[in-house]
Amino acid sequence: MKLYTKTGDDGTTGLFGGGRVAKASTRVDAYGTVDETNAAIGVARAARLDPATDAVLARAQGDLFVLGAELACVPGRESKLNMALLGNAEIEHLERAIDEADAACPPLKNFVLPGGSAQAAALHLARTICRRAERSVLSMDDAPARHDLVVYLNRLSDLLFALARRANIVARIDDVPWQPHPR
């Protein structure tokens, strides 16, 4: 099978379940940004994270593939995917992982800038892309996404923040505090 089909040369792409949409549609932007989040998490995982963080992120990458597949469907035809869609169990898994990562960190006393260790910086970048994915999913104008998808992305970005802070602790590097400029 060839990697190229030439069917998208007219600026459209096919959705699962039939039909074609413009590649510039809000739906394609949403699942494309979810894919970008997944790729950014892959970059973070390549930065040699601790095994517990890597395991949590490996599961999140699988979840993001399911989330993206749902978004790449014609609205109302998601059952044709023949896979379990994301729901409460996956959201609760993220919440437990957030609580575990946050418990390893000192309480926040001010905002932190993305950075510190290379691992934390990669996780912060993935977090910001995830926030953009959330906004893109909320901006879809053909049909609203299921609420669980928005909640999942919201929790995932929180998890990436908590994991970035924990990555700095593991690396024995302080978070970079934001300090406002004096007037």
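Some notes on this structure:
- Per-residue [θ]222 nm for the chain (sum of -39500 (n - 2.57) over DSSP H runs n ≥ 4, rounded to 500): -19000 deg cm²/dmol
- Using a cutoff of 8 angstrom between alpha carbon atoms and counting only pairs six or more residues apart, the relative contact order for the stretch 1-81 works out to 37 percent.
- Here the contact order of the chain, divided by its residue count and restricted to Cα pairs under 8 Å and six or more residues apart, works out to 29 percent.
- Compactness of the chain was expressed as the Cα radius of gyration divided by 2.2 N^0.38 Å, which yields 1.14.
- Full extension of the chain between Glu95 and Arg183 yields a length gain of 27.7 nm, computed as 0.36 nm times the residue separation minus the alpha carbon distance.
- Here the stretch 98-138 was treated as a single set of alpha-carbon atoms; its pair distances binned every 10 Å from 0 give 24, 45, 27, 3 percent.
- Annotation for Lys23 and Ala46: the two label points, set 7 Å from Cα along the Cα-Cβ direction, are 2.3 nm apart.
Where a number appears in this text, it was derived from the coordinates with a stated rule and is not lab data. Bear in mind the structure is a predicted one, so any value in this text is a computation, not a measurement. Reconstructed Cβ throughout: ideal geometry from the backbone, glycine too, with neighbour counts over all protein chains shown.
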